[in-house]
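The values are calculated or read from the model by the stated rules, or taken from the named source; none is laboratory data. Bear in mind that the values here come from a model prediction, so they are computed numbers and not experimental data. For neighbour counting, all protein chains shown are included, and Cβ atoms are generated from backbone atoms with ideal geometry for every residue, glycine included. Please note that ligands, DNA and RNA were not included when accessible areas were found on the heavy atoms of the full protein model with its side chains. Shrake-Rupley method; radii C 1.70, N 1.55, O 1.52, S 1.80 Å.
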Amino acid sequence: MTASLLPTEPFDLVIFGGTGDLAVRKLLPALYHRFVDGQIPASSRIVGVAREGLDDAGYRAQVRDAVEASVPQTVAATLDAFIGMIGYRSLDARKADGWEEFAAMVGEQPDHIRVFYLSTSPELFVDICERLGSFGLNGPRSRVVLEKPIGRDLASANAINDAVGRVFDESQTYRIDHYLGKETVQNLLALRFGNALFEPLWNSSHIDHVQITVAETVGVGHRAGYYDRAGALRDMVQNHILQLVCMVAMEPPSSLSPDAVRDEKLKVLRSLRPINSSNAGQFTVRGQYRAGAAEGQGVPGYFDELGSDQSKTETFVALKAEIGNWRWAGVPFYLRTGKRLPTRVSEIVVTFRQLPHSIFDPASGPLMPNRLTLRLQPDEGVKLWLTIKHPGPGGLRLRHVPLDMSFATAFGVQQPDAYERLILDVVRGNPTLFMRRDEVEAAWNWAGPILEAWEASGETPKPYTAGTWGPSAAVALIERDGRTWAEDAS
Ligand code: NAP
């Protein structure tokens, strides 16, 4: 057994919002996988909490269905044992009824690690934390997990963090960004700091630019109401994409200790050059999808799904970000994300500089810059694009080909879901892959003025047809710098 499969200490995990989409589709299947691998001691308890009037048996039936829907082959005895750990409490976060019994139930296992996972709307975070505090459930062995979004701007994020902070110490607070639990993101740490090869090249002398794309084919669907209050910048850029920027751009931390890593990420966030009313028109592009096609089918536009044509919410954003420090001066980070794009893909593409001089006959073929592509989804893996000689006779013909390491093929295993790793990190008390409060603040400090600039401009997002890569202005954003988006490169 490898160290990564060591069992955790026994724990009680309470999932507030235990009947919700995230819990059912992601958290409970993730826990099942870790249970199958022997990492969750049998005395641990997993308790779903929501208002719905279920009993233990009713919730267990839901969890069984959820696991069976998500895991292709389950072993009956193992699934039964897992289901045996599950319980349910009907509670309304906003009402006092039932909390005393709940606290007594949690108190039955005083030695267990306690994890309170707030998989609910953030409007409930404050109520839930205050009640947990009032029943003394915030002791040193307790931790609280906060799902995104933490606020919709700096002020609302601070209000949540202040209220949670009155009950739980920062060291007990785990702000989850599931992108950080992805294998490829952790592999970025391994690639950068576990190989002598990359670090000397990882700077503006050798890197031309970085692109980060998080593309979805789906529209907003039944989440239109939620999404319309958020938009692509709040939903994807302020959290996930900025965290990826941090992992690419941070200085080598002195160790992998949580604060060493997070201190370096924070410096990146604080070094982002401001985008505000003076330059938002130059550095940002907003889009909103109209009816088109996705995966060969006709799909409605954003207004149709929202039931209103009065929205200025962006479903696509492309940005040119810059990091004002010695390592990255002059290296643009082109970031884009959107819904109803042609493919579902999340990837980081690091493009190295052109060769200073070519010794090859132009007829040998074009000399392309080296590229490192880190793909986070759908199939996690790393490709390093190199120029080689095409094998065989016929003169020296150059080819640009990837050294390709698809993790599923290379290691012959299904990659664990990010939540599997992150939930166990919470139980182990390791916050390295979670956002510290000052990171959230720094991210909002950068994103807030962009939102304000858009608001002040009075402009509407540019329309794009569903199934395309956003408005043409997003192409112009990068092409006026003499570069192109890299969707065909991997
Ligand atoms: P959801 O499907 O709407 O579930 C919400 C859950 O909260 C339900 O279990 C609901 O059950 C419970 N709830 C609502 N009001 C409550 C109250 N007053 N007291 C106690 N429980 C209450 O939402 P979700 O999609 O699971 O998302 C949960 C959170 O995770 C959101 O903040 C979301 O932004 C975030 N998130 C979701 C995803 C995802 O893939 N779904 C991904 C990332 C982040 P009752 O109505 O029975 O109370």
Inset, instruction - Answer yes or no: is there a residue in segment 50-59 that is at pLDDT 95 or above, among the hydroxyl-bearing types (Ser, Thr, Tyr) and away from the ligand (no atom under 16 Å from the Cβ). - result: no
Inset, instruction - Could you please give the count of residues in segment 205-234 that are open to solvent by less than 30 Å² (accessible area, probe 1.4 Å) and part of a loop (DSSP other than H, G, I, E, B)? - result: 4
Inset, instruction - Take the residues in segment 128-143 that are under 11 Å from residue 164 (Cβ atoms) and under 28 Å from the mean Cα position of the chain (by Cα), then tell me which one is surrounded by the fewest Cβ atoms within 10 Å (Cβ to Cβ). - result: 130
Legend entry - Unique match (being in a helix (DSSP H, G or I), open to solvent by less than 20 Å² (accessible area, probe 1.4 Å) and more than 16 Å from the ligand (Cβ to nearest atom)) among 27, 79, 31: 79
Inset, instruction - Kindly indicate whether residue 193 is aromatic (Phe, Trp, Tyr), open to solvent by 50 Å² or more (accessible area, probe 1.4 Å) and more than 18 Å from the chain's Cα centre (by Cα). - result: yes
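Which ones in segment 54-76 are within 14 Å of residue 90 (Cα to Cα) and open to solvent by less than 70 Å² (accessible area, probe 1.4 Å)? Even if it seems obvious, please write down each step before you answer.
Going residue by residue through segment 54-76, those that are within 14 Å of residue 90 (Cα to Cα) are 54-60.
Once the filter is applied, which keeps residues that are within 14 Å of residue 90 (Cα to Cα) and open to solvent by less than 70 Å² (accessible area, probe 1.4 Å), segment 54-76 yields 54, 56, 57, 58, 59.
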Inset, instruction - Sort out which residues of segment 154-173 are within 16 Å of the ligand (Cβ to nearest atom) and open to solvent by 10 Å² or more (accessible area, probe 1.4 Å), and write them in order of number. - result: 156, 159, 160
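One line per residue, one yes/no per condition, for (1) of a type in the set (Phe, Trp, Tyr); (2) farther than 28 Å from residue 133 by Cα:
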{"site": "27", "(1), (2)": "no, no"}
{"site": "77", "(1), (2)": "no, yes"}
{"site": "88", "(1), (2)": "yes, no"}
{"site": "101", "(1), (2)": "no, no"}
{"site": "105", "(1), (2)": "no, no"}
Legend entry - Single unsatisfied condition, residue 101 versus (1) more than 11 Å from the ligand (Cβ to nearest atom); (2) crowded, with 19+ Cβ neighbours inside 10 Å: (2)
Inset, instruction - Filter segment 34-58 for residues that are touching a Lys or Arg at 6+ places or on another chain (Cβ under 7 Å) and outside any loop (DSSP other than H, G, I, E, B) and give the result. - result: 47, 49
